[in-house]
Amino acid sequence: MAQDTSTTTATAPGGGGHPLARYLVVRAGITVLLLFGVTLTTFILTNLIPADPVQAVLGEQAAANPEIVAAYRERAGLDDPLPVQYFTYLSNVLQGDLGTSQQTRQPVADELGRAAPATIELALAAIVVSAVLGIGLGLWAALKRRTIIDQVIRLVSTVGISIPLFWLALVVYYVFFFQLGIFPGSGRLSPTLTPPPDVTGLYTVDSLLAGDLPAFWDALSHLVLPASVLGLYTVGLLTRFARSAVLEILDQDYVRAARAKGLPARTVVTRYVLRGSLVPIITVLGMAFGSLLSGTVLVEIIFSWNGIGQYSYAAATRLDLPAIMGVGLVVGMVYIGLNFIVDLLYGLIDPRVRVS
Amino acid sequence: MPQLTRRAPSALVVALAAALTLVGCGGSSNDDSSNDAGGDDSSARTLVVDASFDLKTADPGRQYETTGSIVTKALYETLLTFDGDDVTQPVDGLASYEMSDDDRVLTLTMNEGHTFSDGSEVTVDDAVFSLQRVQGMMGNPSFLLDGVTVEKTSDTTLTLTSDEPYPALPFILPNPTLSVLNQDVVEANGGSTDESDAAEAFLNGESAGSGPYILDSFDAASQVVFTANPEYSGEAPAYGRVVLRNVEGETQRLNVQAGESHIALDLNPDQVAQLDADSVNVIASASRFVIFLFLNQDDEVSTVTSDPDFLEAAKLAINYDSIVDLAGEGAVRPGGFIPSLFNGALDAGAGNQRDLDAAQAALDASGYSGEQVTLGFPNDITVQGMSLQSIAESVQAQLGEVGINVTLAPAPVATELDAYRGGTVEFGLWYWGPDFPDASNYLAFTPGELVGLRAGWTVDDDPTVADLAQAARVATGDDERATAYQELQVAQNASGPFIPLLQPAQNVATATSIESISLNPVWTIDLGKTR
């Protein structure tokens, strides 16, 4: 790998430094512009809503009291013209200050810092489940194409994509928690347990770091149902893409050549078929992670999972502008970061991308 | 294909499923029966309460929400309080009280023996500081003490003085927002009695009160954890730890039924009907909320609804009993805009009654010719778990029976609130939760007042009702006040733009391990008195 890259560097046209460095600089510039666009779009859209945040925050009597309204507007900076409000926000963001929630009067960065690990833990578990199952099932279906196994997997993947997430979450909660009692109910940890000392914010990791195995098992068991629900849609999506990608690769000459050479099946599948089909799969995986983030809103509400989904729902319904902006910024950063990682992975997996 | 390709993916899937099931069975807390978590040792027992949060803060002086009141009631004490769910008579809390004959001066004498969680004594200075802080911070609840001067008059007494008679004051003081805080602790953490107060962040992390619990952790979006206050001067709470969790209604039902939680606070009638009575107890009682319709009397907003005959037709066409039935067991119909729980409430029989013939005659007299009337209401909130959408649909069908064409216009509360408070809604469906349990809070529904103006109802529109409102405002003594407010409501029912529909039920489901709970319309539930 390293040798390939250096070869590319030596022959890269145009000069002007290491191509990877140039690429990173360009991407960083684009990232800044994109994040600026995210904040601007969120700010404009939120302010287009025909509603006054003051009315959403203050109670019946307080909203009718001019003194209280004036004090609130001044404290929240709502008296400034919109462009001034936006540029004040932007300059604060550049200093790491995401503002103060109009509802809770707590720093948005702190609140997101508390909510983000919960969602990250959930999304990571969901993406692991869906990647393993989705790629595995897709590969299996492709290798068994036009058999009953293929048909069943395709049917299951279609169902997985079609089922409404909130309905599935309720059914899964009802069956596996309420009826069968296999998995625990609401939240990230049983209420009788104390959360592990905060290191990463991920309860499974932190409990292991603290050597608290009961808490680890409890956190892990709480993770299973919401992560499975969240992952099911992605499993369906990944299965379909993985199947078609593998089918395409199976017809390639180099795969036939590998088989003709008498290479073991394991080598053919892992080194030739799977690797060749990874580029489209990774693209879908990146997109799927985005779907997971949006899907967490409903899943987090039903499973009482105190992550960004629950936070963003509360922020949106209460018209909490700084909180909405904060969520937009964080989700935007995740998307952009993810795209960047996917692009780097392309180069890692496919030498043609690396050369270009 | 060779063997590997046949077996590997299937084996992977099966292994993953087995692992997940193993994790579930091995780590599930569902079988440890939290109903009796901790056995007989109260300090080890954990009480789990599920609620739909509207929580913003644990700072008593800034909170003004249902969940905020539950939280602060557990952490702090007030100068006066109510005994159980009886809100018709305030009783001693941290102090005893005496109201002057003209209802202008309330004298409070501190009771001895109350201590904060740090062991220091609750003093009159703490009480004065706490009330002045609420006034000075200009937060949501500041209006409660508008026009009131709070003064320390001796080492054990303080007075609350108002220029106008303020007979509701003893009913306002039990509100948890007027809790007494430890002045030294709060001031040391940024507290003050003006807008510069910065103690909220501290009070969201630690409590500074004398209530049955102290704050262990606070997350406004997900859960609040309390531990018992060893310095509490009252009867020690039965549970050493309480976890109050933010859980949506349907999940609350499943949790309490499965024993995952002990108490579910926000179940709607449909969810209550699905509970298994053998494993869960349900307390269904009329809530403090009144759901009402209003027809705008401003003819610039609507020439249809501002017509008195059209207004009368609408009142006579509503099937009140059917709407109360819709809300399930425990819901009641108030006779006027004052809920049945408070002094001055009217019996349902004294309210408007359905009479389709009379409604038709009134509609004919109004000259109504089938114009669409738009009914606006918030559709993303529930009142005691009840959606306003179902009530709106009933109203639409019932008015349709006499030929009134209603178009439903549901909207998110954030946007609908603007139009409602701005007085631009033609026909509205809203609810009112009292700021304090006294009839005077409902003067807002009279001509020229807060809610009256939202319905375009000015003093000039109805001077008779305005005079009755003034008479009620200055009435003194329980009996005289009750009579004045009842007369006001009868007149309001006859000519006013408001149509009180129902008080939805407050349904609280408890596990069978819970022996007793203490509910109250002001703070919903007193966690410290759960046994």
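The values are calculated or read from the model by the stated rules, or taken from the named source; none is laboratory data. For clarity, every value in this text was computed on a predicted model and none was experimentally measured. All Cβ positions, glycine included, derive from the backbone under ideal geometry; neighbour counts span all protein chains shown.
Going residue by residue through region B:154-172, is there one that turns out to be closer than 17 Å to B:LYS56 by Cβ and β-branched (Val, Ile, Thr)?
No, every residue in region B:154-172 fails to be closer than 17 Å to B:LYS56 by Cβ and β-branched (Val, Ile, Thr).
Here's the yes/no breakdown for (1) assigned by TED's automatic domain parsing to the domain that holds B:ALA411; (2) assigned to a helix (DSSP H, G or I); (3) in contact with an Asp or Glu (Cβ under 9 Å, 6 or more places away or on another chain); (4) surrounded by fewer than 16 Cβ atoms within 10 Å (Cβ to Cβ):
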position: B:ALA359; (1), (2), (3), (4): yes, yes, yes, no
position: B:ALA365; (1), (2), (3), (4): yes, yes, yes, yes
position: B:GLY370; (1), (2), (3), (4): yes, no, no, yes
position: B:VAL373; (1), (2), (3), (4): yes, no, yes, no
position: B:PHE377; (1), (2), (3), (4): yes, no, yes, no
position: B:SER390; (1), (2), (3), (4): yes, yes, no, yes
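Working carefully through the options B:LEU75, B:LEU94, B:LEU80, B:LEU55, find the one that is modelled with pLDDT of 50 or more and in contact with a His (Cβ under 6 Å, 6 or more places away or on another chain). Give the derivation first.
Values: B:LEU75 fails: in contact with a His (Cβ under 6 Å, 6 or more places away or on another chain); B:LEU80 fails: in contact with a His (Cβ under 6 Å, 6 or more places away or on another chain); B:LEU55 fails: in contact with a His (Cβ under 6 Å, 6 or more places away or on another chain).
One residue alone meets the criteria, B:LEU94.
What pairs come up if the first residue lies in region B:408-434 and is among the small types (Gly, Ala, Ser), the second is part of a helix (DSSP H, G or I), and their beta carbons are under 7 Å apart, counting only those six or more places apart or on different chains?
Going by the 7 Å Cβ cut-off, the qualifying pairs are B:ALA414/A:ALA56; B:ALA414/A:THR317; B:GLY423/B:LEU453; B:GLY423/B:ARG454; B:GLY428/B:TYR420.
Scan region A:161-174 residue by residue and report those that are more than 9 Å from chain B (Cβ to nearest Cβ) and over 25 Å from A:PHE216 (Cβ atoms). Explain how you work it out, then say what you get.
Within region A:161-174, the subset more than 9 Å from chain B (Cβ to nearest Cβ) is A:161-169, A:171-172.
Answer for region A:161-174, where residues must be more than 9 Å from chain B (Cβ to nearest Cβ) and over 25 Å from A:PHE216 (Cβ atoms): A:ILE161, A:SER162, A:ILE163, A:PRO164, A:LEU165, A:PHE166, A:TRP167, A:LEU168, A:VAL171.
Could you pull out the residue among B:GLY259, B:GLY205 that is more than 21 Å from B:THR66 (Cα to Cα), over 20 Å from the mean Cα position of the chain (by Cα), of a type outside the set (Lys, Arg) and at pLDDT below 95?
Answer to the check: B:GLY259.
Let me confirm something: among A:PRO184, A:PRO196, which residue is more than 11 Å from chain B (Cβ to nearest Cβ), buried (at least 22 other Cβ atoms within 10 Å of the Cβ) and assigned to a loop (DSSP other than H, G, I, E, B)? Steps first, answer last, please.
On the way: A:PRO184 fails: more than 11 Å from chain B (Cβ to nearest Cβ).
Just one listed residue meets the conditions, A:PRO196.
Quick one: B:SER207 ticks every box in (1) farther than 21 Å from B:ILE517 by Cβ; (2) at the interface with chain A (Cβ under 8 Å from one of its Cβ atoms) bar one, so which box is it?
(2)
Here is a list of conditions, (1) at pLDDT below 95; (2) away from chain A (no Cβ under 13 Å); (3) outside any loop (DSSP other than H, G, I, E, B), and B:GLN271 meets all of them except one; can you say which number that is?
So the condition that B:GLN271 fails would be (2).
Anything in region B:46-76 that is basic (Lys, Arg) and not in a loop (DSSP other than H, G, I, E, B)? List them, or say none. Working first, answer last.
Taking region B:46-76 first, the residues basic (Lys, Arg) are B:56, B:62, B:73.
Of everything in region B:46-76, just one residue is basic (Lys, Arg) and not in a loop (DSSP other than H, G, I, E, B), namely B:LYS73.
Does A:ALA123 satisfy the condition of being within 19 Å of A:VAL330 (Cα to Cα), in a helix (DSSP H, G or I), within 11 Å of chain B (Cβ to nearest Cβ) and in contact with a helix residue (DSSP H, G or I) (Cβ under 8 Å, 6 or more places away or on another chain)?
Against the criterion (within 19 Å of A:VAL330 (Cα to Cα), in a helix (DSSP H, G or I), within 11 Å of chain B (Cβ to nearest Cβ) and in contact with a helix residue (DSSP H, G or I) (Cβ under 8 Å, 6 or more places away or on another chain)), A:ALA123 does not qualify.
In this structure, is B:LEU108 more than 23 Å from B:LEU341 (Cβ to Cβ) and away from every other protein chain (no Cβ under 11 Å)? Outline the logic, then answer.
Numbers: more than 23 Å from B:LEU341 (Cβ to Cβ): yes; away from every other protein chain (no Cβ under 11 Å): yes.
Criteria met by B:LEU108.
Could you list, in sequence order, the residues of region A:196-221 that are among the small types (Gly, Ala, Ser), touching a Pro at 6+ places or on another chain (Cβ under 9 Å) and more than 14 Å from A:GLU121 (Cα to Cα)? Even if it seems obvious, please write down each step before you answer.
Kept after step one, since they are among the small types (Gly, Ala, Ser), are these residues of region A:196-221: A:201, A:207, A:210-211, A:215, A:219, A:221.
Now drop any that are not touching a Pro at 6+ places or on another chain (Cβ under 9 Å), which leaves A:201, A:207, A:210, A:215, A:219, A:221.
The answer is A:ALA210, A:ALA215.
Does A:ALA131 count as surrounded by fewer than 21 Cβ atoms within 10 Å (Cβ to Cβ), free of Cβ contacts under 8 Å to residues at least 60 places away in the same chain and within 13 Å of chain B (Cβ to nearest Cβ)? Can you show your working first?
Numbers: surrounded by fewer than 21 Cβ atoms within 10 Å (Cβ to Cβ): yes; free of Cβ contacts under 8 Å to residues at least 60 places away in the same chain: no; within 13 Å of chain B (Cβ to nearest Cβ): yes.
For A:ALA131, the condition - surrounded by fewer than 21 Cβ atoms within 10 Å (Cβ to Cβ), free of Cβ contacts under 8 Å to residues at least 60 places away in the same chain and within 13 Å of chain B (Cβ to nearest Cβ) - is not met.
Quick check on region B:395-444: of everything there that is among the polar types (S, T, N, Q) and part of a helix (DSSP H, G or I), which residue is farthest from the chain's Cα centre (by Cα)? Talk me through it step by step, then tell me what you get.
Within region B:395-444, the first condition is being among the polar types (S, T, N, Q), and the residues that meet it are B:396, B:398, B:405, B:407, B:415, B:424, B:440-441.
With part of a helix (DSSP H, G or I) added as a condition, the list becomes B:396, B:398, B:415, B:440-441.
Numbers: B:GLN396: 27, B:GLN398: 29, B:THR415: 21, B:SER440: 17, B:ASN441: 14 Å.
Only one residue tops the list, namely B:GLN398.
Working carefully through the options B:GLN470, B:GLN486, find the one that is assigned by TED's automatic domain parsing to the domain that holds B:SER394, free of Cβ contacts under 8 Å to residues at least 60 places away in the same chain and surrounded by fewer than 24 Cβ atoms within 10 Å (Cβ to Cβ). Give the steps one after another, and end with the answer.
Values: B:GLN486 fails: free of Cβ contacts under 8 Å to residues at least 60 places away in the same chain.
Of the residues listed, the single one that is assigned by TED's automatic domain parsing to the domain that holds B:SER394, free of Cβ contacts under 8 Å to residues at least 60 places away in the same chain and surrounded by fewer than 24 Cβ atoms within 10 Å (Cβ to Cβ) is B:GLN470.
When only residues in region A:285-321 that are over 30 Å from B:LEU254 (Cβ atoms) and surrounded by 22 or more Cβ atoms within 10 Å (Cβ to Cβ) count, which is nearest to the other protein chains (Cβ to nearest Cβ)?
Only one residue fits best here, namely A:LEU319.
Which numbered condition trips up B:PRO500, out of (1) assigned to a loop (DSSP other than H, G, I, E, B); (2) on the phi < 0 side of the Ramachandran plot?
(1)
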